[in-house]
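Enquirer: Following this message is one structure expressed as structure tokens.
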2 protein chains.
Amino acid sequence: MGKGEATRERILYMAARLAAREGLEGLSLAQLADSLGVSKSGLFAHFRSKQELQLETLRAFSTRFIAEVLRPAFAQPRGLPRLRAVFANWTRRTLDRSFPGGCLFMAASIELDDREGPARDFLVQSMRDLLGLLSRTARLAVDEGHLRKDLDCDQFAFEEYGILLGLNHALRLLRDPNAERRARDAFDGLIRASISRS
Amino acid sequence: MGKGEATRERILYMAARLAAREGLEGLSLAQLADSLGVSKSGLFAHFRSKQELQLETLRAFSTRFIAEVLRPAFAQPRGLPRLRAVFANWTRRTLDRSFPGGCLFMAASIELDDREGPARDFLVQSMRDLLGLLSRTARLAVDEGHLRKDLDCDQFAFEEYGILLGLNHALRLLRDPNAERRARDAFDGLIRASISRS
DNA sequence: AAATTAAAAGACCGACCGGTCGTTTTGTCA
DNA sequence: TGACAAAACGACCGGTCGGTCTTTTAATTT
């Protein structure tokens, strides 16, 4: 890996952290450059425009999220263990204080939901993939006989993600010390309702 | 009501709409003034600073939200009818296409969750009140015998709000045509789980 | 209708925005 | 080690930001 590539990764990592706090649009190039101890033009040499920086920031975040949160959970055996591991890992990431701005995807979801452009397109595709992955993970649990046969797995994914959104809200905005327990209880309830007949 | 006051209301209404799209910070005074057909300084005469404008925008939105979404639901008899009416009205408001940026509170929750200041303080208090209101509405349903006696009403409120967050996400970002049904089904499931023994 | 006050306008400020450019430093490899 | 290219730099561009000022216009009030 050349030096340029290494710097580029440093930039994108820091950009994701700052953008989670300030927003993709609110993040300024000067601020990002300062945080990196780099000149603004030196930074800008890596990207053709701020738009491209935003898109690449989302891309890099997505890659890291998959590698650090999702992939480890897939080491668990399919079915309930894997289903729980995905949720647990996601929760742990949300609780992690070393990410001050929280999840970039959740922040960007609100920011980009009414803007058009490549950044939005990428985010939408990523979120569809993510929800699809949650759904398929539930599907496997059905196939394993861990969840009931007539379960609507897309509905399961919708509700699971709703709990994660609620966790993020209770934790970051309200700073509710019970946030983690509330999310865990909600997910347990969702699992329970997905086992027995509705 | 003097003319100044009327203009002030017009400003705060438009500010809430724009801030829901652009964010409280991303909203610029020049843009807001143009949208209102007013000069920037004419607008600014109503507020001592942008911070104050942001705070007053949140305040005005909160007042409108309570009057237009919550208050009508309280015309319903306490218990399940009122509980469902609150959720239904909130859902309807979320679906309303005439609010392009969606709910200002949800957007501001993400934007302000890691910033300190009076705007955040006001938002936190408002959200606590809102969740408290959801919880107490559930409590009344317990008292009426519509929901089971040992229900954790704060947990109920957490899960209900999670569904509303999921609805907002599926609707505005993903533009999922099934979003409303998903939210309705999720809420029905929550009610069902809150009736019978857990 | 005149006098008074409230509301809006317009010109302007320094700071910072995203972005460009020519130059200098630094790493790489023959 | 010397040559070449990649990477970072500092100065600068037009434009917009939040905010201040003085002046003009419009609404009240008597």
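The values are calculated or read from the model by the stated rules, or taken from the named source; none is laboratory data. All values reported here derive from a predicted model rather than from experimental measurement. Positions of Cβ are generated from backbone atoms using ideal geometry, with glycine treated the same way; all protein chains shown enter the neighbour counts. These accessible areas exclude ligands, DNA and RNA; they are computed on the full protein's heavy atoms, side chains included. Shrake-Rupley method; radii C 1.70, N 1.55, O 1.52, S 1.80 Å.
Yes or no, residue by residue, for (1) touching an Asp or Glu at 6+ places or on another chain (Cβ under 7 Å); (2) facing chain B (nearest Cβ under 9 Å); (3) under 21 Å from residue B:103 (Cβ atoms):
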position: A:87; (1), (2), (3): yes, no, no
position: A:105; (1), (2), (3): no, no, yes
position: A:118; (1), (2), (3): no, no, no
position: A:129; (1), (2), (3): no, no, no
position: A:139; (1), (2), (3): no, no, no
position: A:149; (1), (2), (3): no, no, no
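Enquirer: Another question, then. More than 14 Å from residue A:61 (Cα to Cα), acidic (Asp, Glu) and within 14 Å of another protein chain (Cβ to nearest Cβ): does that describe residue A:25?
Expert: Working: more than 14 Å from residue A:61 (Cα to Cα): yes; acidic (Asp, Glu): yes; within 14 Å of another protein chain (Cβ to nearest Cβ): yes.
Answer is yes for this residue.
Enquirer: Separate question: Tell me which residues, restricted to the stretch A:92-121, are closer than 19 Å to residue A:171 by Cα, open to solvent by less than 30 Å² (accessible area, probe 1.4 Å) and in contact with a helix residue (DSSP H, G or I) (Cβ under 6 Å, 6 or more places away or on another chain). Talk me through it step by step, then tell me what you get.
Expert: So in the stretch A:92-121, the residues closer than 19 Å to residue A:171 by Cα come out as A:92-110.
From what is left, the residues that are open to solvent by less than 30 Å² (accessible area, probe 1.4 Å) are A:94, A:101-109.
Within the stretch A:92-121, A:94, A:101, A:102, A:104, A:106, A:107, A:108, A:109 qualify.
Enquirer: What tally of residues in the stretch B:118-129 results from selecting those that are in contact (Cβ under 8 Å) with a residue 40 or more places away in the chain and not polar (S, T, N, Q)?
Expert: Selection size over the stretch B:118-129: 4.
Enquirer: Then there is this: When the stretch A:122-160 is examined, which residues are found to be under 17 Å from the mean Cα position of the chain (by Cα) and crowded, with 22+ Cβ neighbours inside 10 Å?
Expert: Within the stretch A:122-160, A:123, A:134, A:137, A:157, A:158, A:159, A:160 qualify.
Enquirer: Filter the helices (runs of 4 or more DSSP H) completely within the stretch B:1-111 down to those with at least 1 residues that are near DNA strand D (Cβ under 10 Å from one of its atoms).
Expert: In the stretch B:1-111, the matching helices (runs of 4 or more DSSP H) lie at B:3-22, B:29-36, B:40-44, B:50-65.
Yes/no per residue for (1) touching a Lys or Arg at 6+ places or on another chain (Cβ under 6 Å); (2) at pLDDT below 95; (3) over 24 Å from residue B:103 (Cα atoms); (4) away from DNA strand C (no atom under 16 Å from the Cβ):
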| position | (1), (2), (3), (4) |
| --- | --- |
| B:23 | no, no, no, no |
| B:48 | no, yes, yes, no |
| B:56 | no, no, no, no |
| B:71 | no, no, no, yes |
| B:75 | no, no, no, yes |
| B:80 | no, no, yes, yes |
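Enquirer: Consider residue B:41 carefully, then state whether it is out of contact with any Cys (no Cβ under 9 Å at 6 or more places or on another chain) and open to solvent by 60 Å² or more (accessible area, probe 1.4 Å).
Expert: yes
Enquirer: Enumerate the pairs (first residue in the stretch A:160-171 and at the interface with chain B (Cβ under 8 Å from one of its Cβ atoms); second residue anywhere and of a type in the set (Lys, Arg)) with beta-carbon separation below 7 Å, excluding pairs fewer than 6 apart on the same chain, so at least 6 apart or on different chains.
Expert: A:170/A:182
Enquirer: Please enumerate the residues belonging to the stretch A:172-190 that are facing another protein chain (nearest Cβ under 7 Å) and either among the acidic types (Asp, Glu) or free of Cβ contacts under 8 Å to residues at least 40 places away in the same chain (or both).
Expert: A:173, A:174, A:182, A:185, A:186, A:189
Enquirer: Return yes or no: is residue A:15 within 14 Å of chain B (Cβ to nearest Cβ), within 11 Å of residue A:104 (Cβ to Cβ) and not acidic (Asp, Glu)?
Expert: Against the criterion (within 14 Å of chain B (Cβ to nearest Cβ), within 11 Å of residue A:104 (Cβ to Cβ) and not acidic (Asp, Glu)), residue A:15 does not qualify.
Enquirer: Residue under question is residue B:122, and the condition is that it be of a type in the set (Phe, Trp, Tyr), within 10 Å of chain A (Cβ to nearest Cβ) and touching a Lys or Arg at 6+ places or on another chain (Cβ under 8 Å); does it hold?
Expert: no
Enquirer: Quick check on the stretch B:8-21. Is at least one of its residues away from DNA strand C (no atom under 13 Å from the Cβ), without any contact (Cβ under 8 Å) to a residue 40 or more places away in the chain and surrounded by fewer than 18 Cβ atoms within 10 Å (Cβ to Cβ)?
Expert: No - not one qualifying residue is present in the stretch B:8-21.
Enquirer: I want to confirm something. Restricting to the stretch B:44-65 and keeping residues that are open to solvent by 50 Å² or more (accessible area, probe 1.4 Å) and over 15 Å from the mean Cα position of the chain (by Cα), which single residue is nearest to residue B:118 (Cα to Cα)?
Expert: Among them, the one singled out is B:51.
Enquirer: Filter the stretch A:168-186 for residues that are surrounded by 21 or more Cβ atoms within 10 Å (Cβ to Cβ) and touching a Phe, Trp or Tyr at 6+ places or on another chain (Cβ under 9 Å) and give the result.
Expert: A:169, A:170, A:179, A:182, A:183, A:186
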